[in-house]
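Right, one structure below, let's go through it.
The values are calculated or read from the model by the stated rules, or taken from the named source; none is laboratory data. Worth saying up front: this structure is predicted, and the values here are computed from it rather than measured. When we count neighbours, we look across all protein chains shown, and the Cβ atoms used for this are built from the backbone with ideal geometry, even at glycine.
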Amino acid sequence: MKKVIFLLLDGARCDILNTLLTQDELPNLKGLISNGSYVEATSVFPSTTGPAYSPFLIGRFPGHVNLPGIRWFNKSSYSRNKFGYESHRSYVGLESKFFNQDLKKAYKTIFELIPNSVSIFNEMTRGLKAYRDLTKYSKIFYKLSSHFTGSSSIDKAAFNKLEKSLKRNNIFHFCCLYGIDSKSHLVGSDSAEVVKLYKEFDTSLGKLIANLKLNKSYDDTLILISSDHGHSNTSKHFDLVNFIQSKGKSVFHYPMIHQKIYKDFDAAVMVSGNSMAHIYLKNGDSWSHPYVQNDHNNIINGLLLHDAIDIVLSKNLKGGVNIISRNGKAIVKDQESSIYYQPLENDPFNYSLPEGHYTYNDILERTFNTTYPDSLTQILQLFNSNRCGDIVVSASNGWDLRDKFEYPEHKSSHGSLMAQHMKVPLISNRKITSKAIARTVDVFPTILDFLNISAVNKIDGQSLNIY
Ligand SMILES: [Zn+2]
């Protein structure tokens, strides 16, 4: 019986994996790759846990399933009823219970398509029967412990659950390993303590492979190992809320959301992964009036004066997105089957792409080895969400966008458009023949293809040819 095991090594960095593989420090992974494959893939914007799971589990970019960040604000819902449950969200905390119902209903999750699925330490579980969510009750305890102390017991618990599940007739196993991400935030993503976790993963992987071989099921099993984002060390914190307040705005933000009981706001700031944030601006006296960039040029120009801000994106009235960095300005527009890119003053990403129409594959290939892989695709998918900010900022290397309310202090962050956050490994025990680069959104159709199951709705990825 064919099986799929998907191991999500949350926050794993390609460069650390590559170094450890070269030094023969990950013998089990190296053995798996020698008969299989290792390609690098791009994740999504924001490159952060939650939104970056939608490619794997729904086959769509997060903006297309209306999940533009781990925190978001909805201007039109807030204008109708600021106490309504659709007006704003943070999946960090109590509101995480809304996670599954916030996803667009039109798209099936992989759990709805593969009934014999199980999930371990994952929140995106729509369509999964309660008893198939193997950590439904224990995940809060393990995740809090991992978040605050960097404990890696969550990964040992995950592998224990997985081993037990493999003894039953389950077909698809989605297993999240949070240890590397949690520890990276606490002590820095290239610290010795984090590197040790890559090696512990390799040991657990070795046991898993040995068991599959012992049970003669290895040859029928597709193992996929990937990540939802990378990491880069952070030493400086820029308080974006303070900055917007300094422009004379009253700012709605987490965790101070109770202030809406007695206060009116004219801006909202929602940070994701700490290196990306949405900024929402009230136009005049109503949240329902459309945003006009010219009214807020002082904010955009002010943001770019600060070293913390790398890229500023802003809705334009003609349906595109204005891109501004210290390198230049450009406009990008979604033209259904193609992307129209128009550099205006130099090129904000230093792509050297002339003005013109590009396919989504062109963009991936032509930008993959730059500082900002696949950014044009990612900007458009994000702004497709009606919960996206009027302005979106991507932080500079070494900086994050939260200070006062971030505990414990983050020593490493993710969420931005930078390659360090956007590039992830995509490893399989089978050969991938179609291409040397991929997107994480290609994983979903690849799994379905392997199991001979059809996707029933539009998806954003393409199946990788595996054999
Ligand atoms: Zn993280």
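Observations, loosely collected:
- Any hit, the range 432-450, residues being away from the ligand (no atom under 16 Å from the Cβ), over 19 Å from Ser43 (Cα atoms), assigned to a loop (DSSP other than H, G, I, E, B) and assigned by TED's automatic domain parsing to the domain that holds Gly36: yes
- Selected residue (criterion: farthest from Ala419 (Cα to Cα)) from residues of the range 306-325 that are modelled with pLDDT of 95 or more and surrounded by fewer than 16 Cβ atoms within 10 Å (Cβ to Cβ): His306
- Listed by position, the strands (runs of 3 or more DSSP E) inside the range 112-231 whose residues that are within 16 Å of the ligand (Cβ to nearest atom) number at least 2 are 172-177.
- Residues in the range 276-299 that are modelled with pLDDT of 95 or more and either of a type in the set (Asp, Glu) or touching a Ser or Thr at 6+ places or on another chain (Cβ under 8 Å) (or both): 2 in all.
- Top-ranked residue of the range 418-467 - restricted to ones that are hydroxyl-bearing (Ser, Thr, Tyr), farther than 30 Å from Asp400 by Cβ and in contact (Cβ under 8 Å) with a residue 60 or more places away in the chain, ranked as surrounded by the most Cβ atoms within 10 Å (Cβ to Cβ): Thr446
- Look at (1) more than 16 Å from the ligand (Cβ to nearest atom); (2) out of contact with any helix residue (DSSP H, G or I) (no Cβ under 8 Å at 6 or more places or on another chain) and you find that Tyr280 fails only one, number (2).
- Residue check: Gly50 meets all listed conditions (1) modelled with pLDDT of 95 or more; (2) under 23 Å from Leu17 (Cβ atoms) but one, namely (1).
- Single unsatisfied condition, Thr370 versus (1) under 16 Å from the mean Cα position of the chain (by Cα); (2) of a type in the set (Val, Ile, Thr); (3) surrounded by fewer than 19 Cβ atoms within 10 Å (Cβ to Cβ): (1)
- Leading residue by the ranking (nearest to the ligand (Cβ to nearest atom)) among those in the range 39-59 that are over 12 Å from the mean Cα position of the chain (by Cα) and not in a helix (DSSP H, G or I): Ala41
- For the range 60-76, filtering for residues that are outside any helix (DSSP H, G or I), away from the ligand (no atom under 15 Å from the Cβ) and not aromatic (Phe, Trp, Tyr) leaves 5.
- Residue in the range 237-264 that is nearest to the ligand (Cβ to nearest atom), counting only those that are crowded, with 20+ Cβ neighbours inside 10 Å and either of a type in the set (Gly, Ala, Ser) or free of Cβ contacts under 8 Å to residues at least 24 places away in the same chain (or both): His253
- Filtered residues of the range 6-25 (kept if among the acidic types (Asp, Glu), more than 16 Å from the chain's Cα centre (by Cα) and either within 16 Å of the ligand (Cβ to nearest atom) or outside any helix (DSSP H, G or I) (or both)): Asp24, Glu25
- Single unsatisfied condition, Ala210 versus (1) surrounded by fewer than 17 Cβ atoms within 10 Å (Cβ to Cβ); (2) at pLDDT 90 or above; (3) not assigned by TED's automatic domain parsing to the domain that holds Thr42: (3)
- Flag for Gly415 being out of contact with any helix residue (DSSP H, G or I) (no Cβ under 7 Å at 6 or more places or on another chain) and not assigned by TED's automatic domain parsing to the domain that holds Ser37: no
- Some residue of the range 137-156 being surrounded by fewer than 22 Cβ atoms within 10 Å (Cβ to Cβ), under 17 Å from Pro55 (Cα atoms), at pLDDT below 90 and in contact with a helix residue (DSSP H, G or I) (Cβ under 8 Å, 6 or more places away or on another chain): no
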